[in-house]
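No value in this document is a laboratory result; all are computed from the given coordinates. The structure displayed is predicted, hence computed values, not measured ones. Heads up, the Cβs are rebuilt from the backbone with ideal geometry, glycines too, and the neighbour counts pull from every protein chain shown.
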Amino acid sequence: MEQHIERSYEEAKKLYAQHGIDVDQALAQLEKIKISMHCWQGDDVRGFLFREQQLSGGISVTGNYPGAARTPEELRSDLEKAFSLIPGKHKVNLHAIYADTDEKVDLDQLEPKHFQKWVDWAKQQGLGLDFNPTCFSHEKSKDGFTLSHPDPEIRGFWINHCKASRKIGAHFGEQLGQTCVTNVWIPDGYKDVPADRLAPRQRLKAALDEVFAEELNPQHNLDAVESKLFGLGSEAYVVGSHEFYMGYGIQNNKLICLDAGHFHPTEVISNKLSALSLFTNGILLHVSRPMRWDSDHVVVMDDELLDIGRELVRGDLLGKTHIGLDFFDASINRVAAWVIGTRNTIKALLRAMLEPVDALKKAELAGDYTTRLALTEEFKSYPFGAVWDYYCAKQGVPVREQWLVEVKAYEQEVLLKRNS
Ligand code: RNT
Ligand code: ZN
């Protein structure tokens with residue numbers, strides 16, 4: 001390690017120690033946190049099963065930066081590149097349409113064997129896997145409804161797909177020795193004001209009961225449900241709203257997934273974590289960056305990201321929270337997008353760990369809000385960067401923007417040689 005990195009780190013450590021903050025301990029804790037990096041940033045949510053299908057379900061990716069992965073091999077190579085620039089050992093979040101198989105197989109027929117190459121790769125790379133049924137961009141979801149579809153046959157297809165997905169998730173968990181989170185998100189909703197808001201929700205509730213009927217070993221697979229307030233094409237009404245899934249999740253012991261972009265534009269998920277934590281065994285996050293709407297911009301170090309980190313650290317929620325990412329930007333280098341968003345998420349957690357939480361809580365209890373504000377603000381210019389640099393160096397990944405050099409080289413050598 002370069003000497004100046006170590007020296008700056010030692011200096012920073014002393015400053016933090018004055019407030020009783022043990023930096024080494026924070027880094028030891030940080031090292032254990034796994035971020036679930038979403039595969040779909042690498043190819044603009046296209047997947048490999050139905051490449052001729054248009055994106056649907058309100059999901060849209062803008063930009064035409066060259067180099068999107070076209071095959072599972074390319075996607076894995078891009079993921080490996082990204083992980084080599086991110087400190088720590090993490091997970092990959094797969095969607096069902098990313099099956100790696102030559103068979104022509106529909107979503108309701110998917111089996112663990114169609115993902116075996118992903119499992120073998122994850123094993124070899126020391127990564128975990130998470131999973132998602134893909135209830136969009138498919139012939140049978142064209143009219144915008146899946147698990148709550150009024151036609152029992154179409155609904156049955158999606159129920160079978162979700163059942164199949166849980167089995168794949170359980171296979172991941174068993175094979176890799178780390179729990180897989182299988183997250184159900186559906187696009188179902190109406191563009192305009194519905195005549196009946198209740199019936200689709202009744203159908204969704206019954207469909208989920210069928211999907212989850214089979215008990216799976218919770219060491220292998222945990223189920224999650226993801227809500228949304230509105231989407232493209234479902235502006236007036238989304239069947240799986242927050243209240244719906246909060247009720248469903250609490251009643252049925254499912255993880256509730258909070259996507260940062262799935263609420264009113266000024267509503268934040270950071271403020272929901274402490275409340276939810278009191279009533280659930282676990283939470284799944286889709287860390288994302290909504291810009292004016294659910295736009296899924298690359299995660300940056302903004303106030304909300306810092307607040308998410310703070311809530312997880314201060315509420316001691318890291319043990320029960322699964323941190324996943326959900327953004328897709330095709331206007332920049334896709335490997336860089338992963339690296340920026342994932343490094344920022346880890347950085348935000350570290351920053352939260354390096355705040356004088358005990359002193360802040362103590363001041364608050366004593367009614368000394370002056371101290372609370374003063375300390376909070378002064379800590380914004382504490383030498384957090386020195387600790388982050390040291391952590392990257394210690395983990396053997398590039399320090400500061402040096403990672404960009406590697407991404408640019410990879411772009412030249414690999415990405416620009418792909419023609420989409
Ligand atoms: C959509 C949801 C969902 C998807 C992914 C691809 O609004 O956020 O999580 O982004 O499943
Ligand atoms: Zn999401």
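Straight Cα distances below 14 angstrom link residue 205 to the aspartates and glutamates 188, 226, 243, with same-chain residues fewer than 8 positions distant left out. Remark: relative contact order (the stretch 7-92) = 41 percent; criterion is Cα-Cα distance under 8 angstrom and separation of 6 or more residues. When only alpha carbons are used to place a centre, the stretch 297-346 and the stretch 23-54 end up 10 Å from one another. Within the chain, DSSP assigns beta bridges of which about 10% are antiparallel (rounded to the nearest 5). What FRET efficiency would be calculated for the residue pair residue 213, residue 62, taking the C-beta separation as r and a Förster radius of 35 Å, to the nearest 0.05? So, using R0 = 35 Å, E works out to roughly 0.35.
Using the Cβ-Cβ distance between residue 109 and residue 151 with R0 set to 25 Å, the FRET efficiency from 1/(1 + (r/R0)^6) comes to roughly 0.80. Straight-line cross-link reach from residue 417 at under 27 Å between alpha-carbon atoms covers these lysines, not counting any fewer than eight positions away in the same chain: 81, 117, 408. Sorted largest first, the spans of the alpha carbon positions of the stretch 346-420 along the three principal axes are 62, 29, 16 Å.
What the Cβ-Cβ distance of residue 195 and residue 139 gives, at R0 = 30 Å and to the nearest 0.05, is a FRET efficiency of 0.70.
Structure note, pairs 113/320; 13/89; 34/91: Cα-Cα distances above 18 angstrom occur for 113/320; 13/89. Relative protection proxy for 366-374, 170-178, from highest mean packing down: 170-178, 366-374 (other beta-carbon atoms within 10 angstrom).
A crude spin-label estimate for the pair residue 7 and residue 374, with each label 7 Å from Cα along the Cβ direction, gives 3.3 nm.
Only alpha carbons enter this Debye calculation for the chain, each as an equal point scatterer, and the log10 of I(q)/I(0) it gives at q = 0.09, 0.11, 0.13 Å⁻¹ is -0.56, -0.84, -1.15. Annotation for the stretch 65-138 versus the stretch 351-420: alpha-carbon center distance of 28 Å. Our summary of shape: the Cα atoms of the stretch 262-395 have principal axis extents of 49, 38, 28 Å, ordered from largest down, in whole angstrom.
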